[in-house]
1. Can you give the translational diffusion coefficient of segment A:139-297 in µm²/s, computed by Stokes-Einstein from the Kirkwood radius over Cα pairs at 37 °C and 0.692 mPa s?
2. Please compute the average number of Cβ atoms from other chains found within 10 Å of each residue's Cβ in peptide B:212-222.
3. Have a look at segment A:242-310 and give its Rg and Dmax from the Cα atoms, expressed in angstrom.
4. Estimate the FRET efficiency between B:Gln230 and A:Ser234 by the formula 1/(1 + (r/R0)^6), using the beta-carbon distance for r and 22 Å for R0, to the nearest 0.05.
5. So how strong a dipole does segment B:1-82 carry about its Cα centre when Lys and Arg Cβ are +1 and Asp and Glu Cβ are -1, to the nearest 20 debye?
6. Lysines within cross-link reach of B:Lys197: Cα-Cα under 18 Å, excluding same-chain residues under 8 positions apart?
7. Within 10 Å, count the other beta carbons around each residue, average over each peptide in B:1-9, A:128-136, and list them highest first.
8. Quote the charge dipole size of chain A about the Cα centre in Debye, to the nearest 20; the model charges only the Cβ of Lys and Arg (+1) and of Asp and Glu (-1).
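Any read-out appearing in this document is the output of simple, stated calculations on the displayed coordinates, not a laboratory observation. Because the structure is predicted, anything quoted here is derived from the model rather than measured. Backbone-built Cβ (ideal geometry, glycine too); neighbour counts: all protein chains shown.
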2 protein chains.
Amino acid sequence: MPSFEEVRAAFPVLEQYAYLNAGTNGPLPRVVAEAMIAEQLVDVAQGRGGEPYFSRALGMRDEVRAKLAALFAVEPTQVSLTRSTTDGCNIVLAGLDLGPDDEVVTTDVEHFGLIGPLHASGARVVTVPEDAILDAVTERTRLIAISHVSWVTGNSLDPARIKADSRLPVLVDGAQSAGVIPVEAGAVDYYAVSCQKWLCGPDVTGALVVARPDDLPVALPSYFAQSEHQPDGSYVPREGAERFDSGWIGTPSLAGLSAALDVAPEWRFERVAEMAAKCRAALGEQFEVLTKPDQAGLVTFRPTSDPTELVEKLRGEGVIVRELPGRNLIRVSCGYWTSDEDLERLLGGLA
Amino acid sequence: MPSFEEVRAAFPVLEQYAYLNAGTNGPLPRVVAEAMIAEQLVDVAQGRGGEPYFSRALGMRDEVRAKLAALFAVEPTQVSLTRSTTDGCNIVLAGLDLGPDDEVVTTDVEHFGLIGPLHASGARVVTVPEDAILDAVTERTRLIAISHVSWVTGNSLDPARIKADSRLPVLVDGAQSAGVIPVEAGAVDYYAVSCQKWLCGPDVTGALVVARPDDLPVALPSYFAQSEHQPDGSYVPREGAERFDSGWIGTPSLAGLSAALDVAPEWRFERVAEMAAKCRAALGEQFEVLTKPDQAGLVTFRPTSDPTELVEKLRGEGVIVRELPGRNLIRVSCGYWTSDEDLERLLGGLA
């Protein structure tokens, strides 16, 4: 089992920065960049055409799908390859075809990547505090749509329990949980994630787990929706969740994502929990912390001075965190790669 | 003005292959790969976070949008940045919200990237031959959806004339026209393109021109749909077609696409026409050619032996073309970079 120092050394950005913003984009492992660059050199010299190119790219899709399935404790046939969490949410909402007589229950601390698609669905969107979801269910509720871990508060919900208690379809925004805490995505109906955050993959990569692919219509078909089709667009859908795939992915991105999914050590979740707890305790000595104990990798606090200026000051000192705009909050992302020194640099900058 | 030899030397794949498959994926210019790799090295060392990273990425979006607008003779506010032609078609069809009482007229030689979304729209899809579009219009017709250049036949239609004659909303699949022939995208309502084909850009890049952005609802919102939003997902849309943007694009892809859009010489369209004419004439001496004279960059012919085996034999000889599966056809893509020698190698392999 690799040591912490060995794992940390995989991330060049950490040599210079206390990079504490995986909630937006994860640090890129060296092997991910190397894999992408190697494939780009192949593409530029060999071209992106011919049967071997396509066979190989399709094989890489299978490989990535299998790794994501293992990570989320589902079958590969339940995993769709998307471009983002937002993408996954749009695929689900467009497929559900809700209308103005339908209600969707969500919380008041969701990202636009979830609530934007909810609003576009045409359903009535009912927003409630994180602890009031079940109370908001009515006979018109067609979907519960929540983050596993809120991008604002850093607090986590228990999607499996909400599913069991409500017996309703549940869509989970897993942007801040995938790679951070153990996820059993098949416990709910739809679980959408991004791969460029805590999974440290290339830009514009994501996945959507659909527990029962045959039950969701394909509303946004790409070429991967069909195994054969007619001139009017009617078609035989592919087996499983591949039918929801968002479209082509280049071999550089596939190679990078595949490499990224191999980087994390077995102790990833324990280390995140340990570092987030340290971060929370230290910030709590000086600031109001919104994140409850024992959540995930995000720790959100309320600074006592202007958050924009403070984030900028920290950046000047090599500490990368983010402001949550309009909320007077700053968010710190603790990964399995985060060191005690990273947190000391943060606290030093806040002193 | 650069010479043909200078322009051709920009594409490393052409040193080895007669690469005649830009209709699937274009040859990658060296400067595109270099721009992408340079940005990946920045990302891995500097991280993908902090205000300067985001400001720069947003500036690169503006730059790419402006270059695409100039290419398609529209305003930047009419250009949305997407991931593919399919993506653009899904954005339009989901926004139009058609139903079973609505009819869409299309041709019988369209790509699944258009007809898949048409089928998913729920409208009745009326497929007719390329020359019978206007005859198929009824009072129920809500949209005409066609390729500017068919991926099968290589034949082109005149979208502006079809728009003028029908006075109906027109959606154009420009996958085989963008970068090949002059395009005035604003002459129709919706013009969807891919950037990784004839524009020689990175994988998973595309654009959607929306002539009147305020008239199309945003059905698949990404973060770029809104300038400000409420907890229930309701929002103030951004100005112009940016509201339809598919989501984040990494700086490597943006830098690569920006570089790609600068590569083509002024004589691009004349050269494509000249080489396609030469290709068509030479193939016509031995084979049935489906493509009419004076179309675009694709030339499709019917081989006299098994097309799969023939494409494979050609590949073994360094000639990259593609079969159109199930149609007993082979398609040759002639770009502005195509040389007489490329065509001689093709004809030699077919002899």
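1. Using the Kirkwood radius from Cα pairs, D works out to 184 µm²/s.
2. Mean shielding by partner chains, rounded to a whole number: 4.
3. According to the Cα coordinates of segment A:242-310, Rg and Dmax are 18.4, 50 Å.
4. For R0 = 22 Å, the calculated efficiency reads 0.05.
5. It works out to roughly 160 debye.
6. Hits, sequence-local ones excluded: B:Lys67.
7. Those peptides, ordered most packed to least, come out A:128-136, B:1-9.
8. Computed charge dipole of chain A: roughly 220 debye.
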